[in-house]
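Report on the following structure.
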Amino acid sequence: MDLWVPRVPVLAPALVAVAVVAVLVVARMWRCTCLSKTRVTLDLGRRVSVEDVIIGCSGLAGLFRELTEREAVAAVRTALASGFRSFDTAPHYGLGLSEKRLGTAIATLQESSPCGASGLSPGDSELTLYTKAGRLVRSYAELSSAEQDRVERENMRNSPACIFPATDPDLAPLLDYSGAGVYKSLRESLVRLRVSRVHGLRLHDCEQPSRFEAAMAAGGGVEALLSAREEGLVNEVGLGMNDPYWILRILREHNRARELDSAGRWNLL
């Protein structure tokens, strides 16, 4: 089974001041072939260029420290002016804040400086956006008792473990790895991003057994990803995960999982 390793976020030097976080640069044309349970080979097709990398946008939500919207727009402007056209975000980042700020930045730059300093023109077809699914952003006060049991409390603003200090304290991440949840997450992300479609959609952080089981179940998140691609709603689908053990389980146990993105430590195997 062949797995195309995607372009993954990198930290552009010009964005260090605003903490736009990324992990690795991997050329889009690198091909990863799973030969056995433990062996992976890579073929480097060509040199990495600016078009081959994705800017990771968790920092736009104020990763570890608060960030103003003005700083977020400036970060996106710097990336665009440097030639970057691909951005990766997620509902998890500030509970929708990263998606909102990325969408606002793109819309603002398209309206204020077409083909100007940002290098971005209205309706720029070269922009490639990625987001993720697995968490729905909800008002905690409006959740039912059953839904409150599915809240990822450590990522709420009032938790010491929350790494996004600018998160709205009234919002909660509702874990949902069902097929319906994936489709709902995608629709809501499009609203926050202020776009009609995204290029790629990734299943986010389903390393825990309960999340994994929900994602892998009939009609679950993995099937929904593949269906969304077949329906033309997105061009690419994949995994936004950290633990290679769970990534490999998805690849081995789901016989339709032939082209999946991966992120984080998987690229170090």
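FYI, it's all coordinate maths here, none of it is from the lab. This structure is a prediction, so every number in the text was calculated from the model and none was measured. All Cβ positions, even for glycine, are placed from backbone atoms using ideal geometry, and neighbour counts span all protein chains on display.
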Quick calc: nm separation of the 7 Å Cα→Cβ label points for Arg197 and Arg249 -> 3.4 nm
Expected sort for 137-145, 178-186 on mean C-beta neighbours within 10 Å, highest first, is 178-186, 137-145
How high is the relative contact order of the stretch 155-220, given as a whole-number percent (alpha carbon pairs under 8 Å, six or more residues apart)?
29 percent
On a full-extension model of 0.36 nm per residue, what is the gain between Ala81 and Val50, subtracting their alpha-carbon distance, rounded to one decimal in nm?
10.0 nm
What order, most packed first, do the peptides 63-69, 157-163 have when packing is the mean number of other Cβ atoms within 10 Å of each residue?
63-69, 157-163
Whole-number percent relative contact order across the stretch 111-243, with pairs defined as alpha carbons under 8 Å at least 6 apart
26 percent
How do the peptides 224-232, 195-203 rank, highest first, by the average count of neighbouring beta carbon atoms within 10 Å per residue?
195-203, 224-232
Taking R0 as 22 Å, what FRET efficiency do you get between Ala141 and Glu207 from their Cβ-Cβ distance, rounded to the nearest 0.05?
0.15
Classify the stretch 153-240 from the C-alpha gyration tensor, please: rounded if a/c falls under 1.5, else prolate or oblate depending on whether a/b exceeds b/c.
oblate
